[in-house]
Amino acid sequence: MATVPSESNTTPPAKTFKLEQLSQLSNQKKLGLILAAAAVIALLAGALMWSQTPDYRVLYSNVSNQDGAAIISSLQQMNIPYKFSDSSGAILIPEKQIHEVRLRLAGQGLPKGDLPGFELMENQKFGSSQFLEQVNYQRALEGELARSVQSLSAVQNARVHLAIAKPSVFSREKQQPSVSVLLNLYPGRVLSVEQVSAIVHLMSSSVPNLPTKNVTVVDQNGNLLSTQHENKQDKGFDAKQLQYIQELEENYIRRIETILSPITGAANVRAQVTADLDFSRIERAEEIYRPNNTEADAATIRSQQTLEATSTGSKIDGGIPGALTNRPPEPAVAPIEAGGENKEAGDKAPPPLPTDKKKESTINYEVDKTVQHTQQSTGGIKRLTAAVVVNYRKKINENGDIAYEPLTAEEIKEINSLVREAMGYSEKRGDSLTVTNSLFTAESETILDAAFWKDPDIMMLAKDIGKQLLIAAIVLFFLLKILRPFLKSLTQPPPPALPEKVAGEATLDQLPGQVDGTAIQAIQKSIFEDNLKKAKQLAMDEPAIVANVVKDWVSKNG
């Protein structure tokens, strides 16, 4: 019985895949090789197309049909590719062009929104009633107010409802209008109290005779936001006051650290400032009257009136009232006609007539009065408290080791004076300052901002690089893990066939004992012919292996 020859220890030299070997492959292997080449080409083409395909992002979502048609028409005119999202109905465009397209569409007034505005008044039908005109005006006003509210960054959608009473000349008391505003905010957004107050005052200023108390603001969750505005006004607290205090304290801290950094080093000084501010509002009106001025020249004359009257009386003195006194005076008698008795009386001069003079003078002086309207500004500084900690001075001793020593009293005094000047220290105000020299536990180091990756340009660049690396990894995985083993299996030679006697003996051992001799001979003949064909084919494909096997047989039999 022949034995199976052992394999030779010498390995055949590696061969390259040539066209002759390709022609010797079977049809199945040729078909597999063609499919592998087609798969490689398809993979490379798909990777190239994927790398060049831009990423699409949402341009606008939840737009009306009219706005959608106008936006699509504008995109087609600008030659910008777009897609539709079946799930959300959004319009998608390439990510790199989204900001530019939004600005250009905003310049065209798109999207306009599905809320009607004053454009309703442009298409009035002939013969429409006054009631219909009033309804259209109210709808247009509601739409314009809703558009104004939607312009806020935190508001996604808004609805405005106006309740305006019909004016009547027979009603004594006029009913004031009221407004209800329903806000739909973006996810994760919240309106502050100041923003709610702004919406309330916007509505009050847009509708005539509308007080702020008649404005109701509600969000999509049913929360009444206008009550927060009223409570905030009652309490008189403003969040901007806290922000102003923080900014003021940070300003003082920065000024102190800036003036001490050149002396101690930026990492060797720490400062904290507490500011006590007065936000009370005081309005005062005063009228001050000064005492009268004794000097007439120093006073201011407001008005002056002078009256002078002169009257001349008659020669008849008044006598006892009666008939004689009421008679007119008798005519005078000439002295020549008078008798001797009257001659002496005529020589005398007549007495002068009595004169009555009257003079009145009235002078009104201005009253000294000072009117003052004083309104003190809020946010005045009542008191400042500052605390400054300075690190020990770093020093290298004789042995080359780093040592720390405290500052001297003069240096501490100098630092104290500098801080006082930097913060505007005032004893009248009751300011307080404490400067301490202490050893820091660890030196502070400048830490770079780790949030640089939040830059949109850097994020987009990283995204593109990651996409290209992913494509390259997929192609390499297909080439190394799938295509390379497949090609290696195609070019690998088949294992050498066993001799016919060994194959025949192995086959006869497996046959059952009931088979007769003629059948056994027929089987052995077919197996021998089959092994012979395989040996010839092996000798043609791999002559070196066959030569090694024959050489091994000869060496063992000799």
Distance from the Cα centre of the stretch 155-221 to that of the stretch 368-408, in angstrom?
49
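For the pair GLN220 and LYS467, what calculated FRET efficiency results from E = 1/(1 + (r/R0)^6), where r is the Cβ-Cβ distance and R0 = 35 Å, to the nearest 0.05? Show your work: numbers first, answer last.
Numbers: r = 37 Å, r/R0 = 1.07.
E(calc), rounded to 0.05, equals 0.40.
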In nanometres, what is the gap between the two model label sites at LYS83 and THR434, each 7 Å from Cα along Cα-to-Cβ?
6.4
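Report relative contact order for the stretch 158-213 in percent, whole number only (criteria: Cα-Cα under 8 Å, sequence separation at least 6).
In percent, rounded to a whole number, it is 33.
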Expressed in nanometres to one decimal, the distance between label points 7 Å along Cα→Cβ at ILE381 and SER280 is 2.1
From most to least accessible, 1.4 Å probe, no ligand or DNA/RNA atoms counted, PHE126, PHE440, PHE170, PHE528 line up as PHE126, PHE170, PHE528, PHE440
ILE415: net charge of surrounding residues, Cβ under 13 Å, Lys/Arg +1, Asp/Glu -1, itself excluded?
-1
Step through the table entries LYS29/LYS536; LYS29/LYS533; LYS488/LYS551, compare each Cα-Cα distance with 25 Å, and write down the pairs that go over it.
LYS488/LYS551
Suppose R0 equals 45 Å. What FRET efficiency, 1/(1 + (r/R0)^6) with r the Cβ-Cβ distance, do ALA547 and VAL475 give to the nearest 0.05?
0.60
Can you tell me which of 253-262, 204-213 comes out highest on packing, and rank the rest after it, using the mean Cβ neighbours within 10 Å?
253-262, 204-213
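The values are calculated or read from the model by the stated rules, or taken from the named source; none is laboratory data. It should be emphasised that the depicted structure is a prediction, and the values quoted were computed from it without experimental measurement. Cβ sites come from the backbone with ideal geometry, for glycine too, and all protein chains shown count toward neighbours. All accessible areas refer to the heavy atoms of the entire protein, side chains included, with ligands and DNA or RNA removed. Shrake-Rupley method; radii C 1.70, N 1.55, O 1.52, S 1.80 Å.
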